[in-house]
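Shown next, in C-alpha cells, is the structure this report addresses.
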Ligand SMILES: [Zn+2]
C-alpha cells in the first residue's frame, strides 16, 4: 500500500490576469519505490553498517516518479506538491523539468546538507517553494486540490 508523496499539477492560465481562472489538473503522481524490476531484490531498510545495505542508494524518490509518470508532453510551468521538502537530487530534476513552483507539507530535514543544497538550487534557479498552509490563496488552487481528492475518495 503506497501513499503518493509527489503530485504535479498543471496550472493553465486562461485569463488575462495571472492567478485567475487557473485550471488545475493532475498530470503526474509518484511515490518512493525501487527502480523497475528491482522491487523486493534490494534492501528497504533505513540503517545498516554498510550504506549499500540500506535503501538510500537505490530508491527512486516520489518526485522522480511523478515526473517520469507524467501524462502530458511535459511538466513545464506546473506546480509540484510534495509531502516532504525535496532533496537536492530531486531539486535538480524539478529545475530541469521546468516545474515552476513547489508546495510542501513537511520540512523535517530542514537542516541536513541535502535540504540546504536543495534550497540553494531552487533559490538560484528562481523556483519558489511554500509550505502548503501558506499557499492558500484567492485563486482557489487548494480548494480545487481538495475537491479532486474528495472525488477520488468517492470512487473508492
Ligand atoms: Zn529526492
- For the range 83-96, which residues satisfy the criterion of being within 9 Å of the ligand (Cβ to nearest atom) and closer than 15 Å to residue 108 by Cβ? 84, 86, 87
- Considering every residue within the range 69-81, establish whether at least one is within 12 Å of the ligand (Cβ to nearest atom) and in contact with a strand residue (DSSP E or B) (Cβ under 8 Å, 6 or more places away or on another chain). yes
- Note on the structure: Just one listed residue, out of 125, 91, is within 19 Å of residue 31 (Cα to Cα) and at pLDDT 95 or above, and it is 91
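Give me the helices (runs of 4 or more DSSP H) completely within the range 23-140, filtered to those with at least 3 residues that are surrounded by fewer than 17 Cβ atoms within 10 Å (Cβ to Cβ) and either in contact with a helix residue (DSSP H, G or I) (Cβ under 9 Å, 6 or more places away or on another chain) or free of Cβ contacts under 8 Å to residues at least 40 places away in the same chain (or both), ordered by residue number.
In the range 23-140, 88-97, 113-125 are the helices (runs of 4 or more DSSP H) which contain 3 or more residues that are surrounded by fewer than 17 Cβ atoms within 10 Å (Cβ to Cβ) and either in contact with a helix residue (DSSP H, G or I) (Cβ under 9 Å, 6 or more places away or on another chain) or free of Cβ contacts under 8 Å to residues at least 40 places away in the same chain (or both).
The values are calculated or read from the model by the stated rules, or taken from the named source; none is laboratory data. Note that the structure is predicted; figures quoted are calculated from it, not measured. A quick note on method: Cβ atoms are made from the backbone with ideal geometry, for glycine too, and the neighbour counts reach across all protein chains shown.
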